[in-house]
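The values are calculated or read from the model by the stated rules, or taken from the named source; none is laboratory data. Keep in mind the model is a prediction, meaning the values are calculated, not measured. Quick reminder, even Gly has a Cβ in these numbers, built from the backbone with ideal geometry, and neighbours come from all protein chains shown. Calculation scope for accessible area: heavy atoms of the full protein, side chains included, ligands and nucleic acids excluded. Shrake-Rupley method; radii C 1.70, N 1.55, O 1.52, S 1.80 Å.
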Amino acid sequence: MLNLAHTLEDVRESVRRVEANKLNGVDAEWLSPQEVKEVCPILNIGDDIRYPVMGATFQPRAGIAKHDHVAWALARRASELGVDLIQNCEVTGFLFEGDRVTGVETSRGRIHAGKVALAAAGHSSVVAGLAGLELPIQSHPLQALVSELFEPVHPTVVMSNHVHVYVSQAHKGELVMGAGIDQYVGYGQRGAFHGIEEQMAAAVELFPIFARAHVLRTWGGIVDTTLDASPIISKTPVDQLYVNCGWGTGGFKGTPASGYTFAHTIAHDEPHPLNAPFALDRFETGHLIDEHGAAAVAH
Ligand SMILES: Cc1cc2nc3c(=O)[nH]c(=O)nc-3n(C[C@H](O)[C@H](O)[C@H](O)COP(=O)(O)OP(=O)(O)OC[C@H]3O[C@@H](n4cnc5c(N)ncnc54)[C@H](O)[C@@H]3O)c2cc1C
């Protein structure tokens with residue numbers, strides 16, 4: 001994956017991230033514009049664009065995981081281990097004995113449980129609200145776009161935070177593009193048109209070869225953002241209710257650590273050392289997590 005830098009500030013910050021990654025045993029490289037061109041020949045590195053490319057961070061080992069394959073594989077393995085997966089079953093309320101949660105009301109009936117774990121991503125606030133809990137998150141639309149099919153021309157994921165677009169090419173041939181969240185809060189599962197226009201302008205600026213490509217499909221999902229761009233994996237003030245949310249635009253790649261530490265928290269009624277700093281109470285104590293660049297979450 002190439003993450004482009006377009007200003008001196010971008011260059012300083014990107015080089016710092018490369019070095020920080022290396023110090024933590026993660027491979028990363030800093031490339032000059034000419035080296036960027038060698039990795040991705042169709043990229044415009046000329047100085048005739050709004051923000052000329054001044055270099056890029058590069059992770060040659062990075063890859064793309066197919067989210068539906070991963071979700072189904074996890075579901076199958078969980079099912080084999082005895083987990084009941086119930087689809088099309090909306091939680092509509094919580095059951096309590098005193099201050100302790102003892103189950104959920106659903107569109108398919110009541111389910112009793114010793115412990116309840118909430119992982120509803122963009123709808124976390126809505127579901128937590130049913131238990132009388134207010135979460136420190138905001139829900140925003142995040143959209144993605146795909147083009148018609150092309151011959152393979154684009155070898156890696158290219159991302160630019162500055163002109164703001166990411167572009168990759170799927171195996172089938174379509175370009176997959178996106179950018180950041182739409183700035184307004186909302187639950188409508190579609191993005192605003194100006195968001196699409198801005199991403200397309202940035203994509204064509206970086207890749208003039210795509211000027212005549214057609215966008216075939218756009219869609220939007222709802223992502224849950226926190227003010228320190230880090231997730232919440234935590235106990236809650238409600239006895240035996242646990243929450244995993246705030247993953248924003250990056251919760252897919254965080255899934256293994258997220259699931260592992262959440263399971264530990266639920267089983268032991270206390271966090272694993274890895275997720276202890278990601279507790280809900282940081283928004284009261286002010287011990288926010290200062291790792292915007294390193295977080296799985298990119299909002
Ligand atoms: C367009 C787009 C692109 C993205 N790209 C990336 C990316 O490149 N890399 C990355 O790492 N992440 C990406 N993300 C973010 C990632 O998809 C999320 O962070 C991740 O899916 C969250 O996983 P989750 O299991 O917490 O929630 P989800 O996978 O969203 O699952 C939550 C579930 O809760 C269900 N639910 C909601 N309310 C109720 C209710 N009342 N009762 C019962 N069930 C309910 C929902 O139906 C849903 O199935 C992207 C998101 C979007 C929208």
Q | Euclidean distance of C-alpha centroids, region 36-96 and region 97-164, integer Å | A | 14
Q: Between beta-carbons, use under 13 Å as the cut-off and find the net charge around R17, counting Lys and Arg +1, Asp and Glu -1.
A: -4
Q. Expressed as a whole percentage, what fraction of the accessible surface of the chain belongs to carbon and sulfur atoms when a 1.4 Å probe is rolled over the protein heavy atoms?
A. 55
(Q) Can you tell me which lysines have their Cα less than 25 Å from the Cα of K172? Leave out same-chain residues fewer than eight positions away. (A) K37, K66, K253
Q. Within a Cβ distance under 14 Å of G46, other residues only, what is the Lys/Arg minus Asp/Glu net charge?
A. -1
Q. Rounded to the nearest 20 Debye, what is the dipole magnitude of the chain about its Cα centre when Lys and Arg each give +1 and Asp and Glu each give -1 at the C-beta?
A. 660
Q.
Charges on Cβ only, +1 for Lys and Arg, -1 for Asp and Glu, centred on the Cα centroid of region 1-115; of A5, S32, T57, which one is farthest towards the dipole's positive end?
A. T57
Q: Please work out the average accessible area per residue across region 194-299, using the 1.4 Å probe convention, and give it in Å².
A: 50
(Q) For the ranges 241-248, 139-146, 150-157, what's the packing order if you count other beta-carbon atoms within 10 Å of each residue, average per peptide, and put the highest first? (A) 241-248, 139-146, 150-157
Q: Taking the chain as the reference, fit the longest principal axis to its C-alpha atoms, fit the long axis of helix 255-268 to the helix C-alpha atoms, and give the angle between the two in degrees, 0 to 90, nearest 10.
A: 20
Q: Enumerate the amide H contacts of T106 below 5 Å, restricted to partners 5 or more residues apart or on another chain; note that Pro and chain-start residues carry no placed amide H.
A: T92, I111
Q) Taking 0.36 nm per residue of separation and subtracting the Cα-Cα distance, what length does fully extending V215 through V70 add? A) 49.6 nm
Q) Which ³J(HN,Hα) values, rounded to whole Hz and listed in residue order, are derived for region 139-156 from phi using the Karplus coefficients 6.51, -1.76 and 1.60 in 6.51 cos²θ - 1.76 cosθ + 1.60 with θ = phi - 60°, glycine and proline given as x? A) 9, 10, x, 10, 10, 9, 9, 10, 9, 5, 7, 10, 4, x, 10, 10, x, 8
Q. Tell me, what is the FRET efficiency for L288 and D99 to the nearest 0.05, using R0 = 35 angstrom and their Cβ-Cβ distance as r?
A. 0.80
Q: Would you calculate a helix-derived [θ] at 222 nm for the chain, using -39,500 (n - 2.57) for each DSSP H run of n ≥ 4 and dividing by the full residue count, to the nearest 500?
A: -7500 deg cm²/dmol
Q: Return one whole number: the accessible area per residue of region 28-165 in Å², for a 1.4 Å probe.
A: 60
Q: Relative to the longest principal axis of the C-alpha atoms of the chain, give the angle of the C-alpha long axis of helix 67-80, reported between 0 and 90° and rounded to the nearest 10°.
A: 30
(Q) Given a 10 angstrom Cα cut-off, can you work out which residue in R61, R77, R16 is the most mobile in a GNM of the chain? (A) R77
Q: Using a cut-off of 13 Å between beta-carbons, work out the net charge of the residues near R100 (Lys and Arg +1, Asp and Glu -1, R100 not included).
A: -2
Q: Specify the residue with the greatest mean-square fluctuation among A179, A56, A276, computed from a Gaussian network of the chain linking alpha-carbon atoms under 10 Å apart.
A: A276
